[in-house]
Amino acid sequence: LPQSSPPPLIPSSNFFIPPSTPSTPSSPLCSVVYSNLQELNPDVDGGYLVPEVSLQEFISNDVPEASTTETSLATYLKQSDRVPYPLTATPSSSGAKGTVLLVGSDLSSDEALKLSHTASRLKLPLLLVRTYGMIGTLRVQSATGEFTVVEPRAEGVKWDLRMRETVESPASFSELAEFAERMVGQMPSMDQQQHGHIPYVVICMEALKRWREGHDGNVPTSFADKDEFRASIKAMSKDFGLEMNFQEGVREAYTAYTKTAGITDAVKDLMDRTDVKTLTKESTQFCILLNALTEFTSTHAGMPPLNGSIPDMTSDSSNYIKLQALYFDRSKRELADFTALVQARLSKLGLPMEYIPPPSIATFAKNVPYLTVVPSKPYHEEVTGALSEEDRETMQGLSWDPHEEMIHTPMLWWCGVKAAEEYQRAKGSWPAPGAEGELAATMDGIMKRYGLTKQEGTVFDAAKLTAVAGEITRYENAENHTVGSVVGGVAGQEGVKVITGIYVPIDNTYIFNGIAGVAGVVKG
Amino acid sequence: KPQEEKTQKKPLQWYKGFDVIISGLDNVEARRWLNGTVVGFVEVDEDGDPDPETIIPIIDGGTEGFRGQARVILPRITSCFECSLDAFPPQRTFPMCTIAETPRLPEHCISYAFMLQWPKEFPDKKLDKDSPTDMQWVYERAKERAEKYDIKGVTYMLTMGVVKNIIPAVASTNAVVAAACVNECVKLLSFASQTLNTYMMYMGAEGVYSHTFVYERKDDCIVCQSKSRKVKMERMSTLNELIHSLTDGDLRLKKPSLVGSTNTLYMQKPPALEAMTRPNRDKKLSDLIENNEEITVTDEVLGGRSISLNVEFV
């Protein structure tokens, strides 16, 4: 690391406030921050509170009856008219009210720990953001020990076309079967234009039907089968080079003989969870929806509600619209059936219908193949609890994939900041120049807990620990505005994911190394 | 003092006055122009070493939805923007026959309105994508077509998206990339720490994925490598064909002007000079230049930088 003059760091203070701003009882510094923040986005309403007790007491003081809003976070949340109570921690992508997100920024070690405990107890999601010199960290903690993501919006669409299912059992989707049969019946009398605009779904289904007739009702299985199947589609065309629809048919042939994604193994595992099989008044939306899904699949040949969307494909407009409509109409009917199952459960449990509003049910139904659960161990468990074998393996695996310039590997700097936090907790002050040796030893201790030992030439060796410890002691918890903005941007992003249940949050700590512009995620 | 005009309209000299340039531009052309101009400022001695006094770092940031990148360009030292031109994917287009004859999606209807109907209705007027009146016209025509085919989903917002090729902006991504750029700027100006070497990628949709790596210089980059670029042309080919190879080939120039070692071949402007040199386009190259003659090419996407072509007749 460069041994040049120390960076011109801004002293530890909120960079939103000009250094000369005075703080008075009637106009505390947080009111300045509040009004500056309001300027950024006039659509957001806000406020501030100066607790009567220390921040630590305020966070951990959880006796609502005995407390006032100024002495207890739990009381403040309960009594504030901005925050609906009882608090529900499960996100709703329809934006329904009832989500609280706790964000702790640059707290002392003990404050961060206490807040983590409180968040677990109150079942609220928590973001812990820290700007430490050139290093930024963001720890994400879910309300319930995991993030249930209904809308991961991952790349790669799994189209729900039900081609094989319909060919094997036309009654399961009679509208589609009839549409295909009708078009196939017209094929012999079609002109070149019409023939070249038959949607590939019809072509593939017909090809599969013919294949089964010649193969004892089986679908193509071996490589040879699949080649032959594709060739059979090509043979159905009149002028393959010009007929884009038949080319699409060949390209998408595998979607005809493969079962529709439907209920994947991952989703099956979710349906088998004890908290899904047995519902109570305290059950999360996610569990209730999965329970309803289990019943739905049992009466729908193991399939989830039809998604209803279809990809664009070469076709004349009129037939495409008809095809699109029959998928859409069926999906609407199946959604109605699924909704009834969900609402029956809410009724039986004595929960209000608004607990899982119809738009949330619809979103869930459309995203069944994509449902994702991300574990999210609470921060306090990481600090004071025991580490699982899985956690250790994950950390070790990370150490085998360092950055090109090893010294800049994010996990090293995560460890450095963590060691600073441990130091601060023990001594009451952040490590300053002179404490490098002790800090390096603390870092060593942390990595040992994860099953990593120092080894020359790896990301984790004596020289690197010393270098990182040396750099960290120079920072003394300074709040660099640029680094704060980076990690704040990521925090904003993760916060929105947590609140909406859309896109996948991290598990569980983001580190930004502002020295080299290298970032990564560590599972602490 | 904030300036409000097109990047390319400012005189080149104006950019020389800065110590560092951060660019958060919304299109590739403007980035290429800026890159070409600033790389062009660098003076290189006989040994090929750049004079540090003439180097102005460019910190370039860009975002698209949940993806973004921040990179540091030290002209003539690290890779420049042009070195990474191949990394930009082609814009999404629809087949013309679908647009004209068998629309199925709202996007097809919108493409029809702005690609076919507008030029027919206003043959002399270029569609102004920033004009609400023009865009409203496109939206209404698209809606009519959609109604005719019973296609749902044409909205004003989708119209804007298709015509301007917009991907919705996500505020947090912009914050992260902008902050990363400023971080680099502060370090460069204060010599406080290392500089990003050279490219940081950010993907925030699935967890958060970050990748920082050295974007290598392209050996034959037309902007940041001094080498003359060899082009093989048939003796009988015309100047016009050479020009097309520059615009349609991998150099992706827009409106190149060419000057030979002893004469002007073709200038895009001013209009009088363009008219004068236009007949040259149909002439055979061998009538205009010698074999292996060095030709200087300038283009709006190169900014102030010119490139050297060496044309070999085959």
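Values quoted throughout were computed directly from the atomic coordinates according to the rules given, and no laboratory measurement underlies them. Not measured: the values here are computed from a predicted model. Here the Cβ is made from the backbone with ideal geometry for all residues, glycine too, and neighbour counts use every protein chain on show.
Go ahead and estimate [θ] at 222 nm for chain A from helices alone: -39,500 (n - 2.57) per DSSP H run with n ≥ 4, summed, over the residue count, rounded to 500. Let's see the in-between values first.
Values: 22 runs with 254 residues, N = 524.
So the helix-based figure for chain A works out to -15000 deg cm²/dmol.
I'd like the distance separating the alpha-carbon centroids of the range A:229-285 and the range B:54-91, in whole Å.
39 Å
What does the range A:119-250 give for Rg and for Dmax, in Å, if only its C-alpha atoms count?
Looking at the range A:119-250, its Cα Rg and Dmax stand at 24.9, 76 Å.
Between A:Thr458 and A:Tyr34, what is the label-to-label distance in nm when each label sits 7 Å out along the Cα-to-Cβ direction?
5.1 nm
What does the charge dipole of the range B:177-231 about its Cα centre add up to, to the nearest 20 debye, if the Cβ of each Lys and Arg holds +1 and the Cβ of each Asp and Glu holds -1? Don't jump to the answer; show the numbers that get you there.
On the way: 6 positive and 5 negative charges, 70 e Å.
My answer is approximately 340 debye.
Only counting other Cβ atoms within 10 Å, I'd like B:Cys83, A:Cys30 sorted with the fewest neighbours first. List each step's numbers first, then the result.
Values: B:Cys83 22, A:Cys30 15.
Starting with the residue having the fewest Cβ neighbours, the order is A:Cys30, B:Cys83.
What would the Debye formula give as log10 I(q)/I(0) at q = 0.06, 0.07, 0.10, 0.12 Å⁻¹ for the alpha-carbon point model of chain A, no solvent?
-0.42, -0.56, -0.93, -1.11
List the pairs from B:Lys1/B:Lys129; B:Lys10/B:Lys143; A:Lys427/A:Lys497; A:Lys226/A:Lys332; B:Lys6/B:Lys230; B:Lys143/B:Lys255 whose alpha-carbon separation is above 30 Å, in the order I gave them. Can you show the working numbers first?
Working: B:Lys1/B:Lys129 28 Å; B:Lys10/B:Lys143 40 Å; A:Lys427/A:Lys497 36 Å; A:Lys226/A:Lys332 34 Å; B:Lys6/B:Lys230 33 Å; B:Lys143/B:Lys255 35 Å.
The pairs that break the limit, which is 30 Å between Cα atoms, are B:Lys10/B:Lys143; A:Lys427/A:Lys497; A:Lys226/A:Lys332; B:Lys6/B:Lys230; B:Lys143/B:Lys255.
Can you give the % of DSSP beta bridges in the range B:1-84 that are antiparallel, to the nearest 5?
75 percent
Per DSSP H run of n ≥ 4, the term is -39500 (n - 2.57); total these for chain B, divide by its residue number, and report the mean residue ellipticity at 222 nm rounded to 500 deg cm²/dmol. Please report the intermediate quantities before stating the final value.
Numbers: 11 runs with 102 residues, N = 314.
Estimated from H runs of four or more residues: -9500 deg cm²/dmol.
To the nearest whole number, what is the average tally of beta carbon atoms from other chains within 10 Å of the beta carbons of peptide A:484-496? Could you put the intermediate results ahead of the total?
Details: counts 2, 7, 11, 2, 4, 14, 9, 3, 6, 10, 4, 1, 3.
That average works out to 6.
Past the 29 Å Cα-Cα mark, which pairs from A:Lys277/A:Lys322; A:Lys209/B:Lys148; A:Lys259/A:Lys322? Working shown, then result.
Values: A:Lys277/A:Lys322 39 Å; A:Lys209/B:Lys148 35 Å; A:Lys259/A:Lys322 24 Å.
In this structure, A:Lys277/A:Lys322; A:Lys209/B:Lys148 exceed 29 Å between Cα atoms.
I need the GluC sites (Glu not before Pro) found in the range A:227-283, filtered to DSSP loop residues with at most 12 other beta carbons within 10 Å of theirs.
Numbers: sites: A:Glu228, A:Glu243, A:Glu248, A:Glu252, A:Glu282; in loops: A:Glu243, A:Glu252, A:Glu282.
Passing sites in the range A:227-283 are A:Glu282.
Please arrange B:Trp14, A:Trp211 by how many other C-beta atoms lie within 10 Å of their C-beta, fewest to most.
Details: B:Trp14 11, A:Trp211 21.
With the sparsest Cβ surroundings first, the list reads B:Trp14, A:Trp211.
Highest mean first, how do B:247-258, A:368-379 rank when packing is the count of other Cβ atoms within 10 Å averaged over residues? The partial results should precede the final answer.
Numbers: B:247-258: 16.7, A:368-379: 19.8.
Taking the mean over residues of other Cβ atoms within 10 Å, the ranking is A:368-379, B:247-258.
Let me check against my output: what whole-number percent is the relative contact order of chain A, with C-alpha pairs under 8 Å and at least 6 apart?
Working: 782 pairs, mean separation 115.4, N = 524.
After rounding, I find 22 percent.
Set the Förster radius R0 to 56 Å, insert the Cβ-Cβ distance between A:Thr274 and B:Glu216 as r into 1/(1 + (r/R0)^6), and round the FRET efficiency to 0.05.
0.60
Only helices at least 27 Å long along their own axis, judged from Cα atoms, and with Kyte-Doolittle mean hydropathy of -1.0 or greater: name those in chain B from DSSP H.
Details: long enough: B:171-190 (28 Å, 1.08).
What comes out of the filter, once short or polar helices are dropped, is B:171-190.
What is the projected area of the convex hull of the Cα atoms of the range B:1-156, averaged over all directions, in nm²?
Numbers: hull surface 52.7 nm².
Averaged projected area of the range B:1-156's Cα convex hull equals 13.2 nm².
Would you kindly state how much longer the chain becomes between A:Val44 and A:Gln424 on full extension, computed as 0.36 nm times their sequence separation minus their alpha carbon distance, in nm to one decimal? Kindly include the intermediate steps, with their values, before the conclusion.
Details: separation 380, 0.36 × 380 = 136.80 nm, distance 3.52 nm.
This chain segment gains 133.3 nm when fully extended.
From the Cα trace of chain B, what convex hull volume per residue do you get, rounded to a whole Å³?
Details: hull volume 59.0 nm³, N = 314.
Measuring per residue, one finds 188 Å³ for the Cα hull of chain B.
Quick one: A:Thr453, A:Thr509, fewest Cβ neighbours within 10 Å first, how do they rank? Kindly include the intermediate steps, with their values, before the conclusion.
Values: A:Thr453 9, A:Thr509 24.
Neighbour counts put them in this order, fewest first: A:Thr453, A:Thr509.
Taking the Cα centroid of the range A:328-383 and of the range A:406-480, what is the distance between the two, rounded to the nearest whole Å?
Using only Cα atoms to place each centre, the spacing works out to 44 Å.
If you keep only loop residues by DSSP, which trypsin sites (Lys or Arg not before Pro) in the range B:44-92 have at most 10 other Cβ atoms within 10 Å of their Cβ?
Details: sites: B:Arg67, B:Arg71, B:Arg76, B:Arg92; in loops: B:Arg76, B:Arg92.
Here the sparse-neighbourhood loop sites are B:Arg92.
Taking the range A:132-174, which GluC sites (Glu not before Pro) meet the DSSP loop condition and have no more than 10 other C-beta atoms within 10 Å?
When the GluC sites (Glu not before Pro) of the range A:132-174 are filtered for loop state and at most 10 Cβ neighbours within 10 Å, A:Glu155 remain.
What distance in nm lies between label points placed 7 Å from Cα along the C-beta direction at A:Lys348 and B:Val44?
Distance between label points: 7.6 nm.
Would you calculate the separation in nanometres between label points at A:Thr299 and A:Asn218, each defined as 7 Å from the Cα along the Cα-to-beta-carbon direction?
Rounded to a tenth, the inter-label distance reads 3.6 nm.
Based on the Cβ-Cβ distance from A:Gln396 to B:Met203, what FRET efficiency comes out when R0 is 25 Å, to the nearest 0.05?
Working: r = 25 Å, r/R0 = 0.99.
After rounding, the FRET efficiency stands at 0.50.
Would you mind calculating the relative contact order of the range A:234-297 from Cα pairs under 8 angstrom and at least 6 residues apart, reporting the percent as a whole number? Intermediate results must be reported in sequence, preceding the final value.
Numbers: 26 pairs, mean separation 11.5, N = 64.
Normalised by residue count, the contact order of the range A:234-297 is 18 percent.
Could you work out the relative contact order of chain B, using alpha carbon pairs under 8 angstrom and six or more residues apart, expressed as a whole percent? Write down the numbers at each step before the final one.
On the way: 499 pairs, mean separation 64.3, N = 314.
Over chain B, the number comes to 20 percent.
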